[in-house]
Every structure is written in C-alpha cells, then in structure tokens.
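Here is the structure we will look at, set down as structure tokens.
The values are calculated or read from the model by the stated rules, or taken from the named source; none is laboratory data. Since the structure is predicted, the reported quantities are computational estimates derived from the model, not experimental observations. Cβ placement follows ideal geometry from the backbone for every residue including glycine, while neighbour counts extend to all protein chains displayed.
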Amino acid sequence: MSYIGNSPANVGNYQIIDNIASSFNGSTTSFALASGGIAITPAKTGQLVISVNGVVQQPDDTGTNGFKVSSSNIVFSSPPTNGDTFWGIYQGQEVDIGIPSDDSVDAVHIKSNAVTLAKIASQAVDEDNLYISNAGTNGQFLSKQSGNNGGLTWADVDALPSQSGNNGKYLTTNGSAASWAVLDTDSNTTTKGLYEHAHTIAANYSITSGNNAMTAGPITINSGVSVTVPTGSTWVIA
C-alpha cells in the first residue's frame with residue numbers, strides 16, 4: 001500500500017529491517033531500507049541498530065564511520081563484502097501527542113483529581129464535586145448543591161469577600177452574604193448576666209492609660225508576672 005510521506009508504522013514502533021545481505025558485493029555502499037517489504041525512512045541515523053557479521057555498526061551522520069541514513073537508504077562507510085551477514089532494527093520516531101483539545105480529556109484519564117483551595121478561584125474543575133486536598137480538609141468535598149446540605153456551593157465560594165485590609169477579623173454571614181466582622185469584646189453589655197475570668201494572672205498585663213480595670217478576687221499573680229497600673233488609672237479587686 002502506498003502512502004504520501006512516511007509509512008504510518010514509522011511512528012512509535014520497533015521493526016525488523018529486511019535482510020539486505022544478498023546485495024553485498026564489496027563495492028556497493030548504499031542499500032534501500034524496508035520492513036516487511038515496505039520502505040522505511042528514518043528521520044535520524046540513530047534510529048537504526050545495525051549489525052554486520054555480528055558487529056554492531058556506529059551510526060554517524062557524517063558517513064565517516066559505520067553508516068549513515070540518506071532518505072530511505074542506508075549508506076555504509078565501507079562496502080560490505082559478499083558473504084557478510086546483516087541484521088537491523090528500526091526504532092520508530094517518538095510520538096508527540098501535543099496539547100489535548102478542549103474538553104477532550106475526561107476525569108478517568110487525569111492522574112489525580114485532588115486540587116488545592118488556591119486553585120478553586122483560578123480554574124473550573126469537576127462540575128458536581130471537588131475533592132479538597134488541603135491540610136486539615138483531606139477527605140472533604142465541596143458539593144454543588146442547593147441549601148449547603150453536605151457542603152458549600154460554588155456560589156458560596158465565589159461570594160467570599162476580599163481578605164485585603166481585614167487582618168484579625170472573622171468571617172460571618174447574615175444567611176445570604178458573607179462578610180468580615182470585628183470580634184465584639186465590649187464589656188459594658190452582656191446577654192448572659194455574668195462574666196467569668198481566670199483567678200490566676202499568668203502573663204504580664206498593662207492597663208491602658210486612662211482606663212480602669214476590675215477583677216473578681218481572690219486573684220493570684222504568678223511569680224515573675226506583673227500587672228502595670230498607669231498613673232490616673234485604677235485596678236479594683238472585688
């Protein structure tokens with residue numbers, strides 16, 4: 001069968017070269033190459049492994065030593081003589097699969113479907129479930145479903161507010177939108193009716209200048225620890 005260009009078998013394949021020893025006569029150096037009667041055209045001399053009389057020949061594109069390739073012919077630097085033996089192997093060209101077309105690779109052929117949270121915002125992955133591989137979330141799923149039943153929705157991820165300028169704040173929601181908020185530590189109001197605190201002060205503390213402080217006693221200040229009460233401020237232990 002004829003082909004335009006190289007035979008399809010020339011790509012990514014290993015072939016035994018047809019024996020050309022019957023043409024050796026001590027004067028001819030160039031011989032046509034074929035495998036199974038079909039001409040082969042190596043792209044590089046190094047694709048051939050050639051033996052004459054059991055001695056592997058050196059591939060040399062200059063033609064000075066061993067042999068070189070010229071189109072579909074092998075050209076020896078010295079003419080083989082009548083009675084010399086021959087065998088050869090053609091190592092086909094490497095296969096370059098290139099870049100797969102869009103939507104041409106399914107999940108079964110992807111090495112791993114684990115991604116980090118950092119990639120969620122930059123690329124679309126599995127349409128229904130996303131396997132999270134971040135530390136502390138191994139084995140959890142980000143599920144595409146309404147009502148947040150069993151996981152977050154893609155809308156929830158997209159709705160996360162910017163972190164810029166929100167250092168020290170916590171993430172909260174009003175049921176429909178997420179936002180950053182400052183932790184409320186105002187001691188002037190409480191819905192619980194009382195406050196509790198440790199009876200031991202284990203770290204140095206300085207009352208803010210101009211403020212007063214109150215502690216329910218008895219209280220113990222650990223050795224090497226101090227409480228600083230600036231001028232104009234008062235610390236009451238009740």
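What single numbered condition from (1) outside any loop (DSSP other than H, G, I, E, B); (2) within 44 Å of the chain's Cα centre (by Cα); (3) closer than 17 Å to Y14 by Cβ fails to hold for T41?
Among (1) outside any loop (DSSP other than H, G, I, E, B); (2) within 44 Å of the chain's Cα centre (by Cα); (3) closer than 17 Å to Y14 by Cβ, the lone unmet condition for T41 is (1).
Output the residue which, of all residues in the stretch 172-213 that are modelled with pLDDT of 90 or more and β-branched (V, I, T), is farthest from T228 (Cα to Cα).
T200
May I ask you to list the residues in the stretch 44-58 that are touching a residue at least 12 places away in the same chain (Cβ under 8 Å) and over 17 Å from Y14 (Cα atoms)?
V52, N53, G54, Q57
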